[in-house]
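Below: one structure, written as C-alpha cells.
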Amino acid sequence: MRTVDVARRSGYSVQQIRLLEQGGVTPPAERTPAGHRIYQDRHIHAARAYRGFAAGMGPTEAKEVLRAVNAGDISGALARLDAAHADLDRQRRQLAMAKQAAETITLEPITDVRPSDAMTISELAEALGVRPSTLRHWDAEGLVVPSRDPGTKVRRYTPAQVRDARIVHQLRRAGYPITLLAEVMPQLRRQHELDDIHRMLAARDETLDARSKAMLAGTAALAALLGDDRTESPAGTLDEVSGRSAGPR
C-alpha cells in the first residue's frame with residue numbers, strides 16, 4: 001500500500017502517517033528502489049491502535065506502548081496497557097466515592113451555627129488530608145473562599161464553607177480540573193446544587209466510558225497487529241498470546 005492508502009484506512013492524514021513512522025509508532029516502511037514507501041496491513045493496525053490508545057491513555061503513553069511493540073518488547077507494552085486499565089478502574093472507583101460523598105455532604109443540614117464552629121486553614125487542611133497551600137489555591141481560584149477575621153485577616157472557614165471544601169475535595173479526587181470547578185462551584189452553592197453535582201458526575205462517567213471504549217478499539221487493533229507479526233513467526237506463538245494452543249485439536 002501507499003502512504004495515502006494507510007492514511008485513508010486509519011483516519012489520519014498522509015503527513016500524520018509519516019510522523020507516526022518517524023516517531024516509532026508504526027513499524028518502518030519498506031522502500032522501493034526509487035525510495036517510495038511500501039506499507040502493509042501491520043502499519044494500519046499500528047496507526048489504529050495508536051488512535052485508540054491516545055484517546056484512552058494519552059498520546060505520550062500511547063507512543064510508548066507502540067514503540068515497545070515495534071521493538072519486540074511485547075511484555076513491556078502489555079504491562080503499560082495493564083497500568084492504563086488499572087488507572088481507569090481507579091478513576092471509576094474514585095468517581096463512585098465522589099457520587100456517594102457529594103450526595104451525603106450536600107444533604108447535611110447546617111443549623112445553629114456559632115462563631116466557634118469556624119475552622120482555621122490548618123484545621124481544615126488536616127481534616128481533609130490536604131496541604132494548607134491547596135486550600136490557599138482553592139481560595140485564589142474562587143472554589144472555596146473563606147471568611148476573614150476583621151482584625152487579623154486570618155482565614156476562617158464557616159460550616160458552609162467547610163462543606164464547599166469537602167465537595168471540591170471529592171470532585172478533585174474524581175478527576176475534575178480546577179478550571180471546571182471554578183465555573184461550577186458558584187452554581188453548586190445555589191438551590192438544586194445536588195442536581196448540578198449529579199449532572200457533573202454523569203458527565204465524568206461519560207468521559208470515562210469514552211476512554212474505555214477508545215482503549216477497547218486500540219486493543220483490538222493491537223491484537224490484529226500482533227497477529228500480523230506472529231504469522232511470520234513459528235506456529236503457536238500467536239495463540240499463546242490468548243492462552244490457547246495452536247496445535248491440532
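For this structure, a couple of remarks:
- Subset tally (residues that are β-branched (Val, Ile, Thr) and either surrounded by fewer than 16 Cβ atoms within 10 Å (Cβ to Cβ) or not assigned by TED's automatic domain parsing to the domain that holds THR120 (or both)) for the range 176-187: 2
Residue-by-condition table, conditions (1) modelled with pLDDT of 90 or more; (2) surrounded by fewer than 18 Cβ atoms within 10 Å (Cβ to Cβ):
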position	(1), (2)
MET97	no, yes
GLU108	no, yes
GLU126	yes, yes
SER133	yes, yes
HIS137	yes, yes
PRO150	no, yes
ALA174	no, no
ALA202	no, yes
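- Subset of the range 1-10 (residues that are assigned to a helix (DSSP H, G or I) and charged (D, E, K, R)): ASP5, ARG8, ARG9
- Applying a threshold of 7 Å to beta carbon distances and a minimum spacing of six or more residues, or different chains, the list of pairs starting in the range 151-175 at a residue that is within 30 Å of ASP209 (Cα to Cα) and ending at one that is surrounded by fewer than 16 Cβ atoms within 10 Å (Cβ to Cβ) and basic (Lys, Arg) reads ASP164/ARG189.
- The set of residues in the range 157-172 that are crowded, with 18+ Cβ neighbours inside 10 Å and farther than 21 Å from GLN100 by Cβ comprises TYR157, GLN161.
- Inter-residue pairs, beta-carbon under 9 Å, first closer than 16 Å to ARG163 by Cα and assigned to a loop (DSSP other than H, G, I, E, B) and in the range 131-148, second aromatic (Phe, Trp, Tyr) and at pLDDT 90 or above, 6+ apart: VAL144/TRP138; VAL144/TYR157; VAL145/TRP138; PRO146/TYR157
The values are calculated or read from the model by the stated rules, or taken from the named source; none is laboratory data. Quantities reported herein were computed from a predicted structural model and do not represent experimental measurements. Reconstructed Cβ throughout: ideal geometry from the backbone, glycine too, with neighbour counts over all protein chains shown.
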